[in-house]
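Notes for the one structure printed next.
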Amino acid sequence: MTAPPPRRPAEHVERALCVLAHPDDVDFGSAGTVATWAAAGTEVTYLIVTDGDAGGFDDTPRDRMGPLRREEQTAAAKAVGVTDVRFLGYPDGRLELTLDLRRDISRVIRQVRPQRVLTSSPERYYERIGASHPDHMTVGESTLRAVYPDARNPFAFPELLGEEGLEAWTVSEVWLGASPRADHAVDVTDVVELKFAALKSHVSQVGHLDDLEAFVTGWMAQNARTHGLPDGRLAETFHVVHTA
């Protein structure tokens, strides 16, 4: 018996939610992809779990870093067509897999009602250990648990329905970035300048990097080659999980 062909991601969705740990995470891994979605008419919302207050490479006071990074992420989002940016305000570098975090992500899923959720892979990527920050993996696992079963189950976190009036919602697909088992590539060659504009908005994080564009272009070119795109193309890659 012939196995059915693998399921493909939806060609277009009305709403997408990107759940990432830190300001700039979405831009390094996914800003080009988000730019293509926004250009096609998808309403994209960012949910950033921390304020990124443990980041930075200069003497910016710690009490200023969080607000600064919120401002940078808001500007970066606008560069790729996103205006709805939300922050949960958890402490940078100290995320744990908790019911509170699952509930807070579930709340936003029910508010936004996205057909697609993009987040970080919960799997450690040993060949690219920098992608596997503990906060990234924690957010990825928490988001997957929020997608299934929490957000779709009206009896999970009953206060979301009973006190806030947020009906259950089923997400159709989850895109996992920085995954060791990426199976889907998005050609972002034609929107790469938007991605760079987004990345350069994070001055506190990348202002000291003279080779930012070369570095990012290098790994996007490798992504494209690995996934069979023509020479000269650039790609962002994901593991797409069908959840409905």
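A short reminder: the numbers here are calculations on the coordinates, not readings from a lab. As the structure is a prediction and not an experimental result, all values here were calculated from the model. Note: ideal-geometry Cβ built from the backbone for every residue, glycine included; neighbour counts use all protein chains shown.
When the alpha-carbon atoms of the stretch 78-119 are used, the pair Rg, Dmax equals 12.2, 33 angstrom. Taking 4 °C and 1.567 mPa s as conditions, the stretch 1-145 diffuses translationally at an estimated 81 µm²/s according to Stokes-Einstein applied to its Kirkwood radius (Cα pairs). Per residue of the chain, the DSSP helices (runs of n ≥ 4 H) give a summed -39500 (n - 2.57) that works out to -11500 deg cm²/dmol at 222 nm.
Among beta bridges identified by DSSP and lying wholly in the chain, the antiparallel ones come to about 30 percent. Net length available on complete extension from Ala10 to Arg124 is 38.4 nm, with 0.36 nm assigned per residue and the Cα-Cα distance removed.
Residues Thr217, Thr36, Thr45, arranged from fewest to most other Cβ atoms within 10 angstrom of their Cβ, appear as Thr217, Thr36, Thr45. For the chain, the equivalent ellipsoid built from the Cα gyration tensor has semi-axes of 26, 24, 16 Å, listed from largest to smallest. Span-like helix criteria (full DSSP H runs; alpha carbon extent of at least 15 Å along the helix axis; mean Kyte-Doolittle hydropathy of at least -0.5) are satisfied in the chain by 25-39, 99-112, 212-226. The order of His22, His202, His239, going from fewest to most other C-beta atoms within 10 Å of their C-beta, is His239, His202, His22. Rounded if a/c is under 1.5, else prolate if a/b is larger than b/c, else oblate: which is the stretch 1-67, with a ≥ b ≥ c the root eigenvalues of its Cα gyration tensor? Prolate, because a/c is 1.5 or more and a/b exceeds b/c.
Once the C-beta distance of Phe57 and Phe155 is scaled by a Förster radius of 35 Å, the resulting FRET efficiency is 0.15 to the nearest 0.05.
Note on Arg94 and Thr170: with the Förster distance fixed at 45 Å, the Cβ-Cβ geometry gives a FRET efficiency of about 0.90. Sites count as exposed loop sites when they are GluC sites (Glu not before Pro), lie in a DSSP loop, and have at most 13 other Cβ atoms within 10 angstrom; the longest stretch of the chain without one is 15-95.
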